[in-house]
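What follows is a set of notes on a single structure, which appears directly below.
The values are calculated or read from the model by the stated rules, or taken from the named source; none is laboratory data. What you are looking at is a predicted structure, and each value in this text was computed from that prediction instead of being measured. With ideal geometry, Cβ positions are generated from the backbone for all residues, glycine too; neighbour counts draw on all protein chains shown.
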Amino acid sequence: MSNDNHFASKKLPISPIALLLIGCLSMLTGCDPILEVDGAFFPAWLVCMIAAGFMLGGIRWIVYRLGIEPFVGPRVTVYFCVYLTCTLGLWLGFFRL
């Protein structure tokens, strides 16, 4: 004989407050600022990533011209961190302040 009510008697491992919090946070995903560029709509984070790419190019050129690029640690890691800092800084500066 099988017990069909075996799964019905178990409780959820997630509390109702956690479910409410997850529900509220999932509704906030649609609150991203959208920018219109030449008739096309882009999310703000995408615009910040593109602008940060240009900033990174300028910063790398300055570092190269100053002659300190040989002293930069692992270049891929350092330049990725600079890119990430530029992206998040632009996003925080323009869309969160």
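General observations
- Residue match in segment 61-84 (condition: part of a helix (DSSP H, G or I) and touching a Cys at 6+ places or on another chain (Cβ under 9 Å)): no
- Remark: pairs (first residue in segment 13-35, farther than 27 Å from residue 45 by Cα; second residue at pLDDT below 75; Cβ separation under 9 Å; 6+ apart in sequence or on different chains) = 19/12.
- One residue from 93, 53, 58 being touching a residue at least 24 places away in the same chain (Cβ under 8 Å) and in a helix (DSSP H, G or I): 53
- For segment 64-83, the set of residues classified as more than 28 Å from residue 96 (Cβ to Cβ), surrounded by 10 or more Cβ atoms within 10 Å (Cβ to Cβ) and of a type outside the set (Lys, Arg) consists of 64, 68, 69, 72, listed by residue number.
- On the stretch given as segment 41-63, residues that are exposed (fewer than 14 other Cβ atoms within 10 Å of the Cβ) and modelled with pLDDT of 95 or more total 6.
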